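Quick notes on the structure that follows.
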Amino acid sequence: MSPIAPLTWRASSSAGPASSQYDSSSGIGESACADSWGRALTKREPSLSIPCFAERRYGGVNDDEMLMALPPDYLAKAIAGMEALAKNGLRYPFPQYGIQQDVRAGMAVSYPGRGT
């Protein structure tokens, strides 16, 4: 049986070139700014884009950065959502447990009463 949709972990800098061959209207292309901004303006919905080579090379976009455009009517909802996450203890940047640490303590906080 072959996999239906294999998953690969990638930095956004390697995801762009790997994905750009499939769909030029996917938010991956020669200008993430234009893609995200244009989609947010025309469709009136949030848009997430992977920056292109030129934005990284000449615009100083780092390998771990992506671009999100949000129409103004989504800002209040986005802020309320981030505040709710913070109130529940989920704040950015998200600390990692890493491979040398036992994750059970953190999981017990996130999922109380489930397992040992």
### Message
Being loosely packed, with under 12 Cβ neighbours inside 10 Å and touching a Lys or Arg at 6+ places or on another chain (Cβ under 8 Å) is the filter here; which residues of the stretch 63-84 pass it?
### Response
D63, D73
### Query
For the stretch 72-109, which residues satisfy the criterion of being of a type outside the set (G, A, S) and at pLDDT 85 or above?
P72, D73, Y74, L75, K77, I79, M82, E83, L85, K87
### Task
Would you check which residues across the stretch 85-116 are surrounded by 10 or more Cβ atoms within 10 Å (Cβ to Cβ), of a type in the set (K, R) and part of a loop (DSSP other than H, G, I, E, B) and list them?
R91
### Task
Name the one entry in R104, R91 that is over 25 Å from R44 (Cβ atoms), charged (D, E, K, R) and in contact with a Leu (Cβ under 9 Å, 6 or more places away or on another chain).
R91
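The values are calculated or read from the model by the stated rules, or taken from the named source; none is laboratory data. Model, not experiment: these values are computed from the prediction. In this analysis, Cβ positions are derived from the backbone assuming ideal geometry, glycine residues included, and neighbour counts consider all displayed protein chains.
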